[in-house]
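The values are calculated or read from the model by the stated rules, or taken from the named source; none is laboratory data. All figures in this text were calculated on a predicted structure; none of them were measured in a lab. Heads up, the Cβs are rebuilt from the backbone with ideal geometry, glycines too, and the neighbour counts pull from every protein chain shown. Please note that ligands, DNA and RNA were not included when accessible areas were found on the heavy atoms of the full protein model with its side chains. Shrake-Rupley method; radii C 1.70, N 1.55, O 1.52, S 1.80 Å.
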Amino acid sequence: MLRLLFAAMLPMLFIVQIEAQHSIAREWNELTLESIRNDLARPTVHARNLFHTSIAMYDVWAAYDDVSSPYFLGQTVDGYTCSFSGIPIPDNTETAREEAISFAVYRLLRHRFQSTSSVVANVFPQYDNLMATNGYDINNTSIDYSTGDPAALGNYIAQELIAFGLLDGSNEQNAYVNQFYSPINPDLVVELSGNPDITDLNRWQPLTLDFFIDQSGNVFPTNTPPFLSPEWGEVSPFALSATDKTINTRDGYNYEVYHDQGAPPSIDITSVAASEEYKWNFSLVSMWSSHLDTADQVMWDISPASIGNIQSYPTDFAGMQAFYDDVNGGDPGTGHALNPITGMSYTPQMVRRADYARVLAEFWADGPESETPPGHWYTILNYVSDHPMFEKRFEGASNILDDLEWDIKSYFTLGGAMHDAAITAWGNKGWYDYIRPVSAIRAMAEYGQCSDPAQASYHPGGLPLIPDFIELIEAGDVLSGASNQHVGKVKVYAWRGPNYISNPLIDEAGVGWIRAEDWWPYQRPTFVTPNFAGYVSGHSTFSRAAAEVMTALTGNAFFPGGMGEFSATQNQFLVFEEGPSEDITLQWATYRDASDQCSLSRIWGGIHPPADDIPGRLMGIEIGVDAFVLAKQYIDGAICVDYRVVTDTSIGGSVCKADNTILSDTNIQSGANVNFKAGQLIKLDAGFQSNVQADFSAEIEDCQ
């Protein structure tokens, strides 16, 4: 039976056969994603929520496991110590784990989403129902896990994660509001032509709308949404290290920036030569906007035979210009000669370029009722896990894991990467505070054109003239105005914008010549552009980090069966205009191919220039690899609290026989014997370390 899943805002058909039952971890993950869909669209906040719920589930697993080390229990994370003295061995480990996981995530989700009325109304009852279905008493609020009560362990983990979250730099206790940042530019009123009041074309500009509906469909009473999370770089990370970080100061605040890729291209309105890279970037966004019209009969093969398989990424301006096809769109990907799983060629899928570009922009936009970009990759992970050809082997090499173990370990690993991607991307966004295309293109249009001093409206700060894409309005042009008041202004050949759409169910805006001062990104008029700086692209960072994790987790660069597929139905998929003109199936051979196409989608969507994109991909590679390596160390038990038992041994002391047992000199003197299994974690206090440790040096080892 085919199953419909909801990823990236509208139903996409995941063409797989899936199991009817899921693990308790998967059920709570689905409720977490549903909570995010009903909440405000806050990619940073939700990357953190996904990570923290994944920690809660993983630490329950590790607490009952002989090998895996907890991440939070018994550890000190960024200065916060979560005490843990071990738990009695349960009669049934599986049922104990499921109960503890449920209580931990239940408590954490109710805390994190308690202020969002739509989550409280629509999803909280689902939390309660899942608890009741499993026979769990939500009135059990005990945190005394020493009794062996799994509910108490879950409640304790949630309590500690909640306390940690109030100290982790997110400013959760004040609803995540900005404490230091303020925009340098005045608002852009997007319904009006031009951008006459901007003061700095290199810095972010707030947008004022008639009313604002965020990516999750929430209507805001204010119509000028503030910059989201410019100070997120100081949030406690997972695998990011001090060597990855630089600290930059502006207006008395230290912006913490990980994986700094350097400043984006800038404009000098007095110099054409000094602004070449800036103008190429934003002109390309306008040029690609011309591809969004189904009247254009350009046909592309969008199968893996022609899409994907990029070998390298540019690191300088010349390489950037060669990487992107500014006229036709796309990248240098050559596709894959064969599906390595089937040994056969991929079947071509010829579609209109306009349909492909629009569907790609919409699929990855993570708009109304979406999980936001980090959650989107959780839906892809779940899709892969459900695929009938997929075997749940960690790194593709272990024994086949049961559903719970696979879900726990994969969520923890992906969650760490998504959390670090948010910290990294938004740390860069806050510090570099870079302008978005709608502001840059309209602002340059205010100056005129910068290509020909002999022609009208010349100014070195203007847009470059590009035949068939960016030209001047001449007398007699339909855009010249009733009294020729617009003659000499710059026009662009681009998507015409929401003013050409009366009914989104039947209308398309199409492409045509419009005044550059009226340029719109390919977005809803109630959204226009995300309310945070452009550099670096969060989508590029999230997606590439996730692709690296998925590749490492599965031990295979390719989707199960050699292809991931997501369907968009004719004239039903697109949200703010009619389309696509025919059924279209997005297809990717590898996780990295999917990530690369996600990055391109943001250019066609008018949200990012290439300058935002490539640095996000490059830092995403490092983030994903580092997160996987660290997660694997915890999963393999290579990181432990203090010491790990090397061989089965008996040590004197009246202490619990459990992971994270605290051994002290006083305990040892009591004369009782405790058996420790190989692989078990123990914590030594100062007295034991100084007085007794040498007696057991053959049995225990320092694993810090």
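Please work out which option in (i) 47, 31, 23; (ii) 44, 37, 27; (iii) 50, 26, 23 gives semi-axes √(5λ) of the Cα gyration tensor in Å calculated from these coordinates, and answer with its label. Of the labelled values, this structure produces (iii).
Ranking request for peptides 413-419, 229-235: highest mean number of other beta-carbon atoms within 10 Å first, then the rest in descending order.
Numbers: 413-419: 30.1, 229-235: 26.0.
The most tightly packed comes first, giving 413-419, 229-235.
Taking each residue as 0.36 nm, the span from residue 179 to residue 629 lengthens on full extension beyond its C-alpha to C-alpha distance by 158.6 nm. Checking the a/c ratio against 1.5 first, then a/b against b/c, what shape does the Cα gyration tensor give for the stretch 109-216? Oblate, since a/c reaches 1.5 and b/c is not below a/b. For the stretch 548-607 versus the stretch 494-508, the spacing of their alpha-carbon centroids is 24 Å. Relative contact order, whole percent, for the stretch 56-149 stands at 27, derived from Cα pairs under 8 Å and 6 or more residues apart.
Indicate, rounded to the nearest 5 percent, the antiparallel portion of the DSSP beta bridges found entirely in the stretch 428-544. Walk me through the numbers on the way to the answer.
Working: 9 of 11 bridges.
The answer is about 80 percent antiparallel.
As a rough guide to protection, the peptides 385-391, 629-635, 372-378, 501-507 ranked by mean Cβ packing within 10 Å, highest first, stand as 372-378, 629-635, 385-391, 501-507.
Return the FRET efficiency for the residue pair residue 251, residue 299: r is the Cβ-Cβ distance, R0 is 60 Å, and the value is rounded to the nearest 0.05.
Values: r = 51 Å, r/R0 = 0.86.
Working from the Cβ atoms, E equals 0.70.
Per-residue ellipticity at 222 nm for the chain, helices alone: DSSP H runs ≥ 4 residues times -39500 (n - 2.57), over residue total, nearest 500 deg cm²/dmol?
Details: 17 runs with 246 residues, N = 704.
Computed ellipticity for the chain at 222 nm equals -11500 deg cm²/dmol.
Computed from Cα atoms, the angle from the helix 24-38 axis to the main principal axis of the chain rounds to 30 degrees. Modelled spin-label separation between residue 483 and residue 146, with each label point placed 7 Å from Cα along the Cα-to-Cβ direction: 8.6 nm.
Summing Cβ point charges (Lys, Arg +1; Asp, Glu -1) relative to the Cα centre of the chain gives a dipole of roughly 480 debye. Pairs of Cα atoms nearer than 8 Å and 6+ residues apart set the relative contact order; for the stretch 230-356 it is 23 percent. Between 416, 430, 629, the Cα set farthest toward the positive side of the dipole of the chain (charges on each charged residue's Cβ, about the Cα centre) is that of 430. Look at the alpha carbon pairs under 8 Å that are at least 6 residues apart: their mean separation over the length of the chain gives a relative contact order of 18 percent. Ordering 52, 534, 287 by the projection of their Cα atoms onto the charge dipole of the chain, which places +1 on the Cβ of Lys and Arg and -1 on the Cβ of Asp and Glu, puts 287 at the extreme positive end.
Protein heavy-atom surface of the chain, 1.4 angstrom probe: 49% of the accessible area is carbon and sulfur, with nucleic acids and ligands not counted. Placing +1 on the Cβ of every Lys and Arg and -1 on the Cβ of every Asp and Glu, with nothing else charged, gives the stretch 496-599 a dipole about its Cα centre of roughly 360 debye. Pairs over the 27 Å Cα-Cα cut-off, from the set 429/632; 392/632; 429/491; 279/489: 429/632; 429/491.
Once the Cβ-Cβ distance between residue 327 and residue 115 is put in as r, and R0 is 45 Å, what FRET efficiency do you end up with, to the nearest 0.05? All intermediate terms of the calculation are to be shown ahead of the outcome.
Details: r = 48 Å, r/R0 = 1.07.
Taking R0 as 45 Å, the efficiency between residue 327 and residue 115 is 0.40.
Using the Cβ-Cβ distance between residue 274 and residue 565 with R0 set to 41 Å, the FRET efficiency from 1/(1 + (r/R0)^6) comes to roughly 0.35. Solvent-accessible surface of the chain, taken per residue with a 1.4 Å probe and all protein chains present: 36 Å².
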